[in-house]
Amino acid sequence: MSQTQQAQAKFFGAYEHSLDVKGRLTLPAKFRSYLGEKCFVTRSQYEDPCLAVWTQEDFYAYANSYQSQDLSDPSLRLNMRLWASEAFDIDIDKAGRLALPQPLRTFADLSKEVLVHGALGIIELWSPDTWRSAQARVRA
């Protein structure tokens, strides 16, 4: 596997974590090593009912990819605006926690338990109930 492929596919595995009373989530140590002290959190770029955690570099690369598309398409512009307007740059504290903004927690129905999944180039944060429903649809 080339170094570029390794850089793109870095997040694997699934972990169960909890939000603390301040809405902070501790990320698995193996994921934190790729993120450094800051990351971006957005709604899923695929319109799934989960959150996406991005490295800074991957977030900017994805955001910049919009500029190479035909922005005369109203639907594409609207999708770009919605995604970007709900993106948050977030500091990761010394304990490896990130504070998830309330609007994103509400969108993904994250109240206490959170499933933290590696999704190759990003980390996904799912409500356990929503994840079980998604799994059932795929496995049906």
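The values are calculated or read from the model by the stated rules, or taken from the named source; none is laboratory data. What you see is a predicted model; the values in this text were computed from it and never measured. Note: ideal-geometry Cβ built from the backbone for every residue, glycine included; neighbour counts use all protein chains shown.
Number of residues in the stretch 64-73 that are farther than 21 Å from Asp48 by Cβ and part of a loop (DSSP other than H, G, I, E, B): the value is 4. The residues listed here are Asp58, Asp20; of these, the one that is in contact (Cβ under 8 Å) with a residue 60 or more places away in the chain, out of contact with any Asp or Glu (no Cβ under 9 Å at 6 or more places or on another chain), over 17 Å from Asp89 (Cβ atoms) and charged (D, E, K, R) is Asp20. Checked against (1) of a type in the set (Phe, Trp, Tyr); (2) at pLDDT 90 or above; (3) more than 13 Å from the chain's Cα centre (by Cα), Trp83 passes all but a single condition, namely (3).
Quick one: which of Ser33, Ser111, Ser44 is free of Cβ contacts under 8 Å to residues at least 60 places away in the same chain and among the hydroxyl-bearing types (Ser, Thr, Tyr)? Lay out the reasoning, then the answer.
Values: Ser111 fails: free of Cβ contacts under 8 Å to residues at least 60 places away in the same chain; Ser44 fails: free of Cβ contacts under 8 Å to residues at least 60 places away in the same chain.
Checking each option against the conditions leaves just Ser33.
Output the number of the condition that Leu110 fails; it satisfies all remaining conditions of (1) within 25 Å of Ala9 (Cα to Cα); (2) surrounded by 15 or more Cβ atoms within 10 Å (Cβ to Cβ); (3) out of contact with any strand residue (DSSP E or B) (no Cβ under 6 Å at 6 or more places or on another chain). Unmet for Leu110, out of (1) within 25 Å of Ala9 (Cα to Cα); (2) surrounded by 15 or more Cβ atoms within 10 Å (Cβ to Cβ); (3) out of contact with any strand residue (DSSP E or B) (no Cβ under 6 Å at 6 or more places or on another chain): (1). Taking each residue of the stretch 123-140 that is in a loop (DSSP other than H, G, I, E, B) and looking for partners that are among the polar types (S, T, N, Q) with beta-carbon atoms closer than 8 Å, six or more apart or interchain, yields Ser127/Ser111. Condition first: of a type in the set (A, V, I, L, M, F, W, C) and loosely packed, with under 11 Cβ neighbours inside 10 Å. Can you find one or more residues in the stretch 48-68 that meet it? Checking the stretch 48-68: not a single residue is of a type in the set (A, V, I, L, M, F, W, C) and loosely packed, with under 11 Cβ neighbours inside 10 Å. Residues in the stretch 31-47 that are among the charged types (D, E, K, R) and at negative phi were compared, and the one that is surrounded by the most Cβ atoms within 10 Å (Cβ to Cβ) is Arg43. If you go through the stretch 74-100 and keep only what is surrounded by 11 or more Cβ atoms within 10 Å (Cβ to Cβ), in contact with a strand residue (DSSP E or B) (Cβ under 7 Å, 6 or more places away or on another chain) and part of a loop (DSSP other than H, G, I, E, B), you end up with Glu86, Ala87, Gly96, Leu100.
Arg81 meets all of the listed conditions (1) out of contact with any Lys or Arg (no Cβ under 8 Å at 6 or more places or on another chain); (2) charged (D, E, K, R); (3) within 16 Å of Ile122 (Cα to Cα) but one, namely (3).
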